[in-house]
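Down below is the structure, laid out as structure tokens.
The values are calculated or read from the model by the stated rules, or taken from the named source; none is laboratory data. Since the model is a prediction, treat every value here as computed from it, not as a measurement. Please note: Cβ atoms are built from the backbone with ideal geometry, for glycine as well, and neighbour counts cover all protein chains shown. Heavy atoms of the whole protein, side chains included, go into the accessibility calculation; ligands, DNA and RNA do not. Shrake-Rupley method; radii C 1.70, N 1.55, O 1.52, S 1.80 Å.
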Amino acid sequence: MKKAIVFGSSGFVGSHLLGELLGSSDYEQVTAVVRRPLNISHKKLKILIGDANSLPDLKGHMLADEIFIALGATKKTSPKKADYYKVDHDYPVLAAKIAKEKGAQSVFLLSAVGANPHSSMFYVRTKGETERDIIALNFEHTHIFRLSMIMRNREENRSSLEKILIKAWSVLNPLLVGKADRYRGLTGEGIAKAVYNSASHQSEKLKIYHWKEMKELLQR
């Protein structure tokens with residue numbers, strides 16, 4: 001049985017992922033690092049309160065075989081680019097670095113379609129730099145999930161523009177075929193299940209998943 005540590009478990013996808021791990025007989029302990037207590041309890045769940053600043057102090061409690069990173073900033077919560085970068089890049093990379101030092105062999109990172117460290121667009125460049133720096137840590141297995149639209153409203157409030165985009169994507173989704181299928185959206189539950197299933201099929205050192213590969217994981 002394995003031990004897992006999860007970052008971002010209070011988020012929409014992260015909460016579903018935490019549920020998958022807690023419900024699995026493959027894991028004996030699941031540690032969630034969060035900024036504030038979670039409103040759930042489980043005999044396998046261990047909660048650590050911390051953030052990017054206090055994470056080094058938690059190093060002694062971060063023993064795990066696998067680390068799952070579902071962290072992500074938004075313009076609403078982190079309007080300044082420096083704060084956004086800290087949440088989207090610095091925190092995930094630091095978490096992965098500490099987990100590897102403590103023995104983790106596999107890392108699972110939620111990223112974004114189009115991630116590119118050389119892009120002129122801040123968002124995709126940040127995602128690309130995060131991918132690059134986590135790959136450089138040289139885990140035994142690195143899994144990167146490049147997400148497009150997350151279908152169905154999230155639990156937090158959304159702007160009118162976001163609601164319009166989600167509705168538009170529901171119409172466009174089946175029309176995205178061929179090379180464009182990587183832009184298809186998945187539900188939060190589907191993404192979490194795909195990430196969980198990937199942990200049971202680890203053979204490649206580096207695996208990057210787009211929509212097609214995630215859909216294949218859901219068939220297992």
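Side notes on the structure shown:
- Simple point charges give the picture: +1 on the Cβ of Lys and Arg, -1 on the Cβ of Asp and Glu, and for the chain a dipole about the Cα centre of about 500 debye.
- Per-residue accessible area (protein heavy atoms, 1.4 Å probe) orders His61, His89 as His61, His89, starting from the largest.
- Accessible-area composition of the chain, carbon plus sulfur, in percent [1.4 Å probe]: 52 percent
- Positive-pole candidate from His141, Leu110, Gly72, dipole of segment 40-146, charges at beta carbon: Gly72
- Think of a 1.4 Å ball rolled over the protein heavy atoms: the chain then has 52 Å² of accessible area per residue.
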